[in-house]
Structure formats: C-alpha cells, structure tokens
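Peer 1: One structure, pasted below without further comment.
Just so it is clear, none of the values below were taken in a lab; they were calculated from the coordinates. What you are looking at is a predicted structure, and each value in this text was computed from that prediction instead of being measured. Positions of Cβ are generated from backbone atoms using ideal geometry, with glycine treated the same way; all protein chains shown enter the neighbour counts.
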Amino acid sequence: MTDQDYVLGYTDSEQKRLIRQAAIIAPITERLFREAGIGPDQRVVDLGSGMGDVAMLVAQLVGPLGEVVGVERDANSVARAKARAATAGLRNVSFLNTDLNNLADERPFDAVVGRFILMFLPDPVSVLRSAVGLVRPGGVVAFQEPSWAPMLALGARLPLWYRTRHLIHETLLRSGANREMGLALHRVFQEAGLPAPKMHLEMPLGSDADFIKLTSDLLHSLQPLAEQHKISIKELGDLSTLPDRICAEVAAANTVVSLIAVVGARSRKPPADDSPRGEPVARQRE
Ligand SMILES: C[S@@+](CC[C@H](N)C(=O)[O-])C[C@H]1O[C@@H](n2cnc3c(N)ncnc32)[C@H](O)[C@@H]1O
C-alpha cells in the first residue's frame, strides 16, 4: 500500500455506506471520547474525516465555543462533509483538504482523534507522532480502529455470512490495510511517544436487512480490488441477491451477526513540566 492508495475508494455508494456505518458506531465513539476527556470549549483535530461524521460528533461535544478541524485527503469527501456540517447547523467545525503526512497548525489542539484511519496508513506511527506534536501537553489522544478476528470467529457457524466476511478480509489483507489495527493501537501509541492507552472493544450486533447490507455494500466497494488481486467473489453467487440470502441464513439460525469489532484506545500526551495540566487550550488563551 502506498500513500496514494485508499482501498475503499470514493464512489457515491461507498460514501453513503460510511455514513450509515457511522450512525451505528456513533454511540461507541461518543462513549470513548467522553471517557477520554473530550468536552466543552476544546479544540480538536480529527484525522481522516471522510464524510465528517466523527468531526460532527466531536463538534457537539465541544459546543459552540469549541472547535473541530477534520483533515481529509479527498477533495470530494471534504466538500460533502462541509455541506453536511452546514446542513446540521454546526459552525464550529471546518475541514482541511490535505494529506495527513502534511499535518501542521499554528495553534495547539486539546485533542487528536480518529476512527478507521490508522489501519489504512503505511506508517501509522509517524502520522500519529506528528499529530501528537500538534496537541498541547496533557491533551487527549483517542482512536478507534477495527479488529476482525472476533467477527470471523463468531461468524464461523453461518457459511454464507462467513464466506462473505472472509473474502472482504482477504481483500483488505492483500491490499495492505491492517485489519487488526485495533489491538495494534497498544503498540502504536507507545511508539508514537504516548503512555500505553486504556482500551476496550465493542461489537455492534444485528440481524435486520439494513445492518446486513452494510457488509454486502462493503464487498461491493472492494469488488474492483478483489478482482485486481484475483480473489474470486463469484463463489458468493449473484451479488444483487446476496443481502437477502444472508438475511435468510441469519433468520434461519435465529441469531445476530456483528458489524465489526471496534477497539477504542485513549491516552494523554505527557504533560510538560512547566505547562498547566488538563486545561483546554481555549481556556488557556482567555
Ligand atoms: C474509512 S474512512 C473513515 C472516515 C471517518 N473517520 C469515519 O469513521 O466515518 C477513512 C478516510 O481516511 C482518508 N484518508 C486515508 N488516508 C489518508 C491520508 N493519508 N491523509 C488524509 N486522509 C486520508 C480517506 O480518504 C477516507 O476518507
């Protein structure tokens, strides 16, 4: 994987899938950020902001006197995120169209956050280290990344569901994305100069058609890449009927399946000896 590759691509259907996925994961993300200490008046940077869902969630937490900057490489995603924030009436969030390898800002942030971004970066430690460099001493660092292992283990009893998830996993593996970045956060935080993070793992579960369609839509987004890597998804049959067939399999077993295991990690930048501890930048400026 090079710096220019982003395996999920930027089709309209992929962007809509991201928004639907974000709605399901939002409560987990909000819990992590609250536990991490993100709150009113803070200035926060969100790495890999995509359609803007994480940045907009943080914008609610920091309130009108706080500020959120989403950083995103894709210009079209930035435009859509800006439009969504404007529609939501959020004036405290802005989006910067740049690569995370070019991070810079004149004023320090109180926190750096990100969701499903470090897994796509060839060098997550160096990006995290430079992002932490923009955070004030004592500031918050909070990330959510996936772990695929629990989902594959739990899905093994449902053949079609398991095959679908396995082929997605295989495609991500060959593309260089780190499917286990969630657990790797323990190491990545420390290599970026942070104390070992506090971590937890949560898995959204569901059985309804909308929930299951998130997985078949993810496969759809990855289809060109799967073909490029000669991973045959033909064995899944007609992809247009795949969601219905998975739903039938899940209903027949009267069970639920998981979206993805979401690992949350939170830490704080070590305080500098002479800095005021735990005070948001906004308050320090007053
Ligand atoms: C899976 S999406 C996650 C979006 C959002 N954080 C969320 O959870 O809904 C990852 C996003 O990171 C962006 N991205 C990937 N590599 C990047 C880089 N090097 N610099 C800036 N953005 C990047 C992609 O363009 C994509 O929009």
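Peer 1: What is the set of long-range amide H partners of Gly70 at a cut-off below 5 Å, with H atoms built 1.01 Å from backbone N?
Peer 2: Asp46, Ser94, Phe95, Leu96
Peer 1: Shape of segment 58-109 from its Cα gyration tensor (a ≥ b ≥ c, root eigenvalues): rounded if a/c is under 1.5, otherwise prolate when a/b > b/c, or oblate?
Peer 2: It comes out oblate by the Cα gyration axes.
Peer 1: Something else now. With a/c under 1.5 counting as rounded, go ahead and sort segment 56-166 into rounded, prolate or oblate using the C-alpha gyration tensor (a ≥ b ≥ c being the square roots of the eigenvalues; past the cut-off, prolate if a/b is larger than b/c, else oblate). Intermediate results must be reported in sequence, preceding the final value.
Peer 2: Details: a/c = 2.11, a/b = 1.63, b/c = 1.30.
It comes out prolate by the Cα gyration axes.
Peer 1: Which peptide among 181-187, 60-66, 90-96 comes first, and what is the full order, when sorted by highest mean count of other Cβ atoms within 10 Å?
Peer 2: Top of the packing list down: 181-187, 90-96, 60-66.
Peer 1: Students often forget the sequence filter, so: which lysines lie under 25 Å Cα-Cα from Lys213 once same-chain residues fewer than 8 apart are removed?
Peer 2: Within the straight-line cut-off, Lys213 pairs with Lys16, Lys230, Lys234.
Peer 1: Moving to a separate point now. Could you rank the peptides 260-268, 164-172, 47-55 by their average count of other C-beta atoms within 10 Å per residue, with the highest value first?
Peer 2: 47-55, 260-268, 164-172
Peer 1: If I stretch the segment between Arg129 and His200 completely, what's the gain in nm (0.36 nm per residue apart, minus their alpha carbon distance), one decimal? Each step should come with its number before you reach the end.
Peer 2: On the way: separation 71, 0.36 × 71 = 25.56 nm, distance 2.18 nm.
Using 0.36 nm per residue and subtracting the Cα-Cα distance, I get 23.4 nm.
Peer 1: Oh, and also: Quick one: grab the alpha carbon gyration tensor of segment 154-261, order the square roots of its eigenvalues as a ≥ b ≥ c, and give me rounded if a/c is under 1.5, else prolate or oblate depending on whether a/b is larger than b/c.
Peer 2: Oblate shape, in that a/c is at least 1.5 and b/c is the bigger or equal ratio.
Peer 1: What fraction of the DSSP beta bridges in the chain is antiparallel, stated in percent and rounded to the nearest 5?
Peer 2: Numbers: 15 of 35 bridges.
Antiparallel bridges: around 45 percent, rounded to the nearest 5.
Peer 1: Starting from the Cα of Lys198, draw a straight line to each of the aspartates and glutamates and keep only those under 19 Å, dropping any in the same chain fewer than 8 residues away.
Peer 2: Cross-link targets: Glu30, Glu35, Asp110, Glu145, Glu180.
Peer 1: Right, next: Averaging over every viewing direction, what projected area does the convex hull of the Cα atoms of segment 134-176 cover, in nm²?
Peer 2: 4.7 nm²
Peer 1: How much length, in nm to one decimal, is gained on full extension between Glu170 and Leu152, taken as 0.36 nm per residue of separation minus their Cα-Cα distance?
Peer 2: Gain on stretching Glu170 to Leu152: 5.3 nm.
Peer 1: Alpha carbons only, please: Rg and Dmax for the chain, in angstrom.
Peer 2: 19.2, 63
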